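The values are calculated or read from the model by the stated rules, or taken from the named source; none is laboratory data. These figures come from a predicted structure and were not determined experimentally. Don't worry about glycine lacking a Cβ; one is built from the backbone with ideal geometry, like all the others, and counts go over all protein chains shown.
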Ligand SMILES: Cc1cc2nc3c(=O)[nH]c(=O)nc-3n(C[C@H](O)[C@H](O)[C@H](O)COP(=O)(O)OP(=O)(O)OC[C@H]3O[C@@H](n4cnc5c(N)ncnc54)[C@H](O)[C@@H]3O)c2cc1C
Ligand SMILES: Cc1cc2nc3c(=O)[nH]c(=O)nc-3n(C[C@H](O)[C@H](O)[C@H](O)COP(=O)(O)O)c2cc1C
Ligand SMILES: Cc1cc2nc3c(=O)[nH]c(=O)nc-3n(C[C@H](O)[C@H](O)[C@H](O)COP(=O)(O)O)c2cc1C
């Protein structure tokens, strides 16, 4: 038998260690006891999960592989030491290796009582549901007066004590045999057949059919059409495979697609149940228990790219076009990062194309307003361009004075709008705007990026010109098909077909340098194996840090508060890894205090598409007291700050007519959300108020006032710019909303060649950055549609310069 | 009256911290409650020199200067979190500021049982000979379903739970006054007696 012995303290000198060492020796002919120490185990912290760290993984894997565990505990202050408590907390948090494991408790202490009170606490702790160990009852082995109990060779002196320990250990061996017999998975028998079931995925129903033979799950067929392409695909491929390979339901959800993953698992469980078997038995079946030992993979390539989002895949494609080798490392199981979540259109001024579309009302007014801006408010570096733009606009306005006219655009307008849109002042009075040379490169080369993407295989819908949300102007090139995924769907196969290698589930952990030049990196693969890469250059394209609340709070200088429990619209992968990698080799940072929030997000998930999302003219926003608090037509920043000032959580009120204008939902989804308590519905406003813990009189008055403003066409309270419907027809709805983190404008400081700069302003040899990981362009606020323009433009530039600098490939 | 409220967790978002913040505001007219965090304390590791690191000393001084201490503990695996245990071990092993200090225990948890088992453990721990705190008897303030317990202003939503806390807190202030009268001499003796497990080893079992 194989046992793990845990020394229950991190102290240098421990009689409990002596006791385990004695047991190891004394019982060597009966069992193999491996002793684990606690000194390297970090103090448990719920908000800093280290379950995947090598230290915790060693405990997890060794315990899972062992037949049982022996814990030797001292007694500190009548309880177990914090070090022992800490490892148990780690082993009950995300991972549960002690679940069902036979455990023997022993303890040595100075006093006569031994460690009786600590042992009692330890029993209670091991019995907690997150731990759920099978602790051997009775047989408390307490070694009192430990300081006199051992001889020089470390053997117990007293024959009586040894006899008792022998009998306890013999009992534990027997106990282990019995417990493992109990834990052995019961044989599972199915009523053979194909079962049609409907599970719940991320976007609603997930219909599937599961084929079972007498004793096996044979096939799982899923209707994948309703789930999000580019996000859910990995789950559809991997989860059924793992279920069938292991004939188990104990499979881990895929990070980033856990809802789809769990949907598939639950669907199979339903089928198993219908076939007369108990799905819990299948959940007990562990996949091949111990994970393989860590091994090292060593790879040499020309250029290595960190992150397989839009910027990273673009850089990789560009390297391959030059005939060089590229390796892309991606932390998550799926490629695409935030780029697959994007709305789709990318900004690029293309006046020839835009010319064919008519101007729409208001656009001339916007242009005229630009010409009326006081030049004193324009920063000096932008002034020449601003004046040139004014000349262009004036010519256009004169030309079209008496006619509707066409849609105007120019790279100058794009540049000045990017500049004006990004200009902000933070709470410390620090002013920021987009760095001129970077904004110039972005706006001069965005159209080239559109043309380049077309060559890679992205088809744009030329028949319409769109204005992405928050973009200010109609210059969005919209790909056909699946929004942001359309780019990745073209880039990924381009890269793999041309010999590029993409390694998923491989997170880059550190950069390597030789004499100050970055020449590779170290990553960790899916089985915790070390991956060492040597390359001529490293391109960081790992995205921003909007999913890292701690980091946002640490740098924030713009919002008055960022809640600890704030959600994000981003993929959970966006934790600012690239920024940390850059600063570890001396990179400078720029604009880190500025982040963008999406004011109308789901308070629990950060998503935009839950509840009733209606056009802003139909928004009626009330705070938790039931009062309006902002012009619902305001900018993202205005709505966000107003929400923060009102305690973050607020509600969108709708009636049945407004509900009909929602573009994101269906009656079935609405009913489901009402039942789940994530959307509120009532036949009267008073009842709705009660559900929301509001004073019914307050909410009713708010709505009556609002309706009167709609009638009058004017809102004297908050000056809402546009209204449409009143809130009048039952049933009434309230969608809870909170701001969620959306985009991080700050990041690594780069030059126009995408070289990462150090704090002296000189390029760090061998290091490049592109996409949201880099800062300086969008400054205080990013225009909608400008990110995509940015990542495809700077992704290309980073690759071109890495090739030129490090591999002396001239223009190509 | 001056009290220290110890947040028994290192989690960045904690309803136990919220509970103490509520108490600080709500009882401002009865007592000054300073909130103490333990998240920056190093993990206790029985250093041979027995000296308190600066952060531990600071916490210890804060406790020493207070008339009483409130512990707000979550429940992790039917007991108190390792990080709180670690903080207590530091205090018991170095400066021992809790000797004869009046203590009130409160706890918030997301489940329905509201930390009853963790509170029972904490009581036993604080009564261990190395600590000798005076834990107020008969009072156990448990706040279950803590994620839903506070309104947007950080006040307790449930009037009954709020009233119960008012009563418990009033009882605690009386307890602090009472213990101040009966313990000074005793405190002096204890503080000058270096506790050490070697005494135990030498036959004075505790
Ligand atoms: C919901 C949503 C909607 C949006 N809509 C728009 C829009 O309509 N228009 C627009 O222009 N912008 C939009 N944006 C912003 C835009 O999508 C992003 O700014 C852009 O996609 C960033 O691209 P990127 O290549 O820099 O990073 P990403 O595409 O996010 O890729 C980064 C990749 O790096 C990986 N990675 C991270 N750390 C590591 C590591 N240590 N090792 C290896 N890999 C790592 C990540 O897993 C990820 O795959 C939106 C963003 C969101 C979240
Ligand atoms: C537009 C959009 C579509 C998404 N589609 C899916 C999906 O189909 N399946 C899924 O499991 N998660 C999807 N997600 C991700 C989840 O909402 C959530 O962010 C993610 O599951 C959190 O990480 P986790 O799965 O590791 O818990 C989508 C997110 C967005 C923004
Ligand atoms: C490792 C771990 C173990 C837990 N064990 C328990 C438990 O045994 N009983 C319980 O009620 N809650 C348990 N919980 C949940 C906590 O009670 C809950 O997170 C905490 O008490 C809430 O307090 P806080 O908001 O101050 O963190 C556990 C949480 C973690 C992280």
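Overview of values
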item: Residue tally, condition out of contact with any helix residue (DSSP H, G or I) (no Cβ under 6 Å at 6 or more places or on another chain) and away from chain B (no Cβ under 14 Å), over the range A:640-669; result: 19
item: Boolean, residue B:43 is in contact with a helix residue (DSSP H, G or I) (Cβ under 6 Å, 6 or more places away or on another chain), under 17 Å from residue B:9 (Cα atoms) and more than 13 Å from every other protein chain (Cβ to nearest Cβ); result: no
item: All positions within the range B:88-98 that are within 19 Å of residue B:70 (Cβ to Cβ) and either free of Cβ contacts under 8 Å to residues at least 24 places away in the same chain or within 8 Å of another protein chain (Cβ to nearest Cβ) (or both); result: B:88, B:92
item: Sole exception among (1) more than 14 Å from every other protein chain (Cβ to nearest Cβ); (2) part of a loop (DSSP other than H, G, I, E, B); (3) within 16 Å of ligand 1 (Cβ to nearest atom) for residue A:597, by number; result: (2)
item: Flag if residue B:103 is more than 13 Å from chain A (Cβ to nearest Cβ) and surrounded by fewer than 22 Cβ atoms within 10 Å (Cβ to Cβ); result: no
item: Neighbours by Cβ (under 8 Å, 6+ apart or cross-chain): first from the range A:523-540, under 20 Å from residue A:768 (Cβ atoms); second within 16 Å of ligand 2 (Cβ to nearest atom) and modelled with pLDDT of 95 or more; result: A:523/A:507
item: Count of the range A:314-346 residues which are away from ligand 2 (no atom under 12 Å from the Cβ), closer than 22 Å to residue A:608 by Cα and in contact with a helix residue (DSSP H, G or I) (Cβ under 6 Å, 6 or more places away or on another chain); result: 2
item: Condition check for residue A:296: in contact with a strand residue (DSSP E or B) (Cβ under 8 Å, 6 or more places away or on another chain) and closer than 30 Å to residue A:784 by Cβ; result: no
item: Search result, residues across the range A:532-559 that are buried (at least 22 other Cβ atoms within 10 Å of the Cβ) and in a strand (DSSP E or B); result: A:533, A:537, A:538, A:539, A:540
item: Residue A:597, sole failed condition from (1) on the phi > 0 side of the Ramachandran plot; (2) touching a helix residue (DSSP H, G or I) at 6+ places or on another chain (Cβ under 7 Å); result: (1)
item: Of residues in the range A:767-808 being closer than 19 Å to residue A:589 by Cβ and more than 12 Å from ligand 1 (Cβ to nearest atom), the one farthest from the other protein chains (Cβ to nearest Cβ); result: A:768
item: Count - residues of the range A:53-88 that are within 28 Å of residue A:182 (Cβ to Cβ), surrounded by fewer than 24 Cβ atoms within 10 Å (Cβ to Cβ) and touching a helix residue (DSSP H, G or I) at 6+ places or on another chain (Cβ under 6 Å); result: 2
item: Cross-chain or 6+ apart pairs with Cβ under 7 Å, the range B:6-34 first and over 9 Å from residue B:72 (Cβ atoms) and without any contact (Cβ under 8 Å) to a residue 12 or more places away in the chain, then assigned to a helix (DSSP H, G or I) and away from ligand 3 (no atom under 12 Å from the Cβ); result: B:12/A:550
item: One residue from B:57, B:62 being away from ligand 3 (no atom under 16 Å from the Cβ), at pLDDT 95 or above and under 18 Å from residue B:126 (Cα atoms); result: B:62
item: Residue satisfying all of: in the range B:106-123; within 26 Å of residue B:64 (Cα to Cα) and within 16 Å of ligand 3 (Cβ to nearest atom); farthest from the other protein chains (Cβ to nearest Cβ) among these; result: B:106
item: Elements of type strands (runs of 3 or more DSSP E) contained in the range A:121-234, each with 3 or more residues being surrounded by fewer than 19 Cβ atoms within 10 Å (Cβ to Cβ); result: A:193-200, A:205-212, A:217-222
item: Subset of the range A:552-578 [within 15 Å of ligand 1 (Cβ to nearest atom) and either touching a helix residue (DSSP H, G or I) at 6+ places or on another chain (Cβ under 8 Å) or within 18 Å of residue A:602 (Cβ to Cβ) (or both)]; result: A:566, A:567, A:568, A:569, A:570, A:571, A:572, A:573, A:574, A:575, A:576
item: Test: residue A:383 is modelled with pLDDT of 95 or more, exposed (fewer than 13 other Cβ atoms within 10 Å of the Cβ) and closer than 20 Å to residue A:439 by Cα; result: yes
item: Number of the exception - residue A:632 against (1) outside any helix (DSSP H, G or I); (2) more than 16 Å from ligand 2 (Cβ to nearest atom); (3) within 26 Å of the chain's Cα centre (by Cα); result: (3)
item: Filtered residues of the range A:600-617 (kept if away from ligand 2 (no atom under 16 Å from the Cβ) and crowded, with 20+ Cβ neighbours inside 10 Å); result: A:612, A:614
item: Looking only at the range B:127-137, and only at residues there that are more than 11 Å from the chain's Cα centre (by Cα) and in contact (Cβ under 8 Å) with a residue 60 or more places away in the chain, the one that is nearest to the other protein chains (Cβ to nearest Cβ); result: B:130
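Conditions (1) within 10 Å of ligand 2 (Cβ to nearest atom); (2) at pLDDT below 90; (3) within 19 Å of residue A:504 (Cβ to Cβ), marked per residue:
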site: A:209; (1), (2), (3): no, no, no
site: A:221; (1), (2), (3): no, no, no
site: A:226; (1), (2), (3): yes, yes, no
site: A:236; (1), (2), (3): yes, no, yes
site: A:241; (1), (2), (3): no, no, yes
site: A:246; (1), (2), (3): no, yes, no
site: A:249; (1), (2), (3): no, no, no
site: A:255; (1), (2), (3): yes, yes, yes
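The rows are residues; the columns are (1) within 13 Å of chain A (Cβ to nearest Cβ); (2) touching a strand residue (DSSP E or B) at 6+ places or on another chain (Cβ under 8 Å); (3) in a loop (DSSP other than H, G, I, E, B).
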{"position": "B:125", "(1), (2), (3)": "yes, yes, no"}
{"position": "B:139", "(1), (2), (3)": "no, yes, yes"}
{"position": "B:142", "(1), (2), (3)": "no, yes, no"}
{"position": "B:147", "(1), (2), (3)": "yes, no, no"}
